Amino acid sequence: MRLFIGILLLFGLGLGKEKDLYKILGVKKSASSGEIKKAYRKLALMLHPDKNAGDPNAAEKMAAVTEAYEVLGDADTREIYDTYGGTTKKFYNSWQFKQEQRQGNVGKGGDFYKHSEDITTLTMDNYKDFVSKGVKIVEFYAPWCSHCQDHVKDYKKAAVLLDEKAELGAVNCVSQKRLCNQIGISGYPTLKLFNWENKREINDYGGQIDAQQLFEFVDMYTNPAHVELDFMNWQEEVLDSKDLWLVDFSAGSWCGPCTLVKKFVVETAYKLKQIARVGIVDCDENRNFCTENGIGAYPTIRIYGSGPKDANTRGEALEFPQRYSHPAEAALQFFEKISLMVLRGYKTKQSAGFNLKPASIKKAIHTIIDLYQPELLDSYEELLDLFIGSERTLLEQLAKRHDYDLEDIEELEEE
């Protein structure tokens, strides 16, 4: 009880911002996991903002206790914290780390996930077998890397979220330097997706180490929204379809621009699923077919409008922007242009008798996307400003795709 009162006094004196996480929880560094959990529960009950309405710093104190427990309550993150002495110093290269190590400020550093049941620690002995089957994500990290340390909890959350969809592994590139050199790892953390279920494919992940973002990345490649097109299925899939199509005539890994553009095409297909169809033609395997369609360079991207098509339909060429210094800028312009083409191709029978105010149209777009495709909501909120005057067409097509009765919207407006 005395210890508990002492902890509260520390917070009362403004020491709630103390960086020693053990002091925040009021336990010794040698405390067992059970003792840490018990201390956290007691503090959480006593410091909860709802029980301390008169304390303007209650939320801050509770946040400090929660943060301390999130680190010390997990065996792996606790070991990282202990190894690096609880220092707030960030290391961005091995030289910085070794300097601190020589001064005795940090420990040697070991594997991050050795206490985890959901993440496999990989070495030269088991790496090849692990990545050669199924769907796997592998993180390549260095123990001294601050970004790697900060995302241990997030990577563990991703392992839980991706259960039964992908297995996660991790390689310590300090202890497994030879393996990382063979693979060509040059920065930390590096994440790669190995997908052997549908095809032999390896994709680099360039986003934040966030559980939801990793889940969407894996889903995008394991349940692709694009169609692999060739001379055999072209007639049935594209020409016999009244849908709007975006087609990337591409080549193999020898074609650098093809590899870059394909990534954005796959992502665009995922964002536009249910709105437009996206296909990729491998012209290495379908050379005669590509030549017959007038494809003289790779990649060539064409839009095939909605409505009837025939053997003479050649589509409209869509240039991937070259004037931007960063691929992300080009991708943004690319996506905007595709969206314009999609909207231009929208045709629906629901136009008759459809009379809504502009504000109601935008609200209805949000309603339909939120109901049927919530993952698209953020993208379309940004794109609405780009398509002023075309919102009605977008709404009509969304309603058609999801069999949503626009009369319901009109009734709501009248109410």
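Throughout, read-outs are computed from the coordinates displayed, never taken from laboratory work. Not measured: the values here are computed from a predicted model. Using ideal geometry, Cβ is built from the backbone for each residue, glycine included, and neighbour counts are taken over all protein chains shown.
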Using the beta-carbon distance between Asp219 and Leu371 and R0 = 22 Å, what value does 1/(1 + (r/R0)^6) give for FRET efficiency, to the nearest 0.05? 0.65
Virtual paramagnetic centre 7 Å along Cα→Cβ of Trp196, amide N under 16 Å, in the stretch 122-146: 122-138
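Run through every distinct alpha carbon pair of the stretch 29-85 and return the Kirkwood hydrodynamic radius in angstroms, one decimal place.
12.1 Å
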Contour excess over end-to-end distance, with Cα ends at Ser30 and Asp163 and 0.36 nm allotted per residue: 44.6 nm
Quick one: length gained pulling Lys19 to Asp204 fully straight, 0.36 nm per residue minus the C-alpha distance? 63.1 nm
Is there a pair in Lys156/Lys177; Lys153/Lys271; Lys192/Lys263; Lys98/Lys156 whose C-alpha atoms are over 18 Å apart, and which pairs would that be? Lys156/Lys177; Lys153/Lys271; Lys98/Lys156
Cα centroid separation - the stretch 44-83 against the stretch 286-305, whole Å: 59 Å
Largest-first principal axis extents, alpha carbons of the stretch 209-288, Å: 43, 33, 16
Write down Rg/Rh for the stretch 175-309, rounded to two decimals, with Rg from the C-alpha atoms and Rh from the Kirkwood relation over Cα pairs. 1.03
FRET efficiency (Lys153, Asn312; Cβ distance; R0 41 Å; to 0.05) is 0.10
Under the rule of at least 5 residues apart or a separate chain, name every residue whose amide H is placed under 5 Å from the amide H of Ala251. Cys283
Full-extension gain in nm, Lys133 to Gln182, via 0.36 nm per residue minus C-alpha separation: 15.7 nm
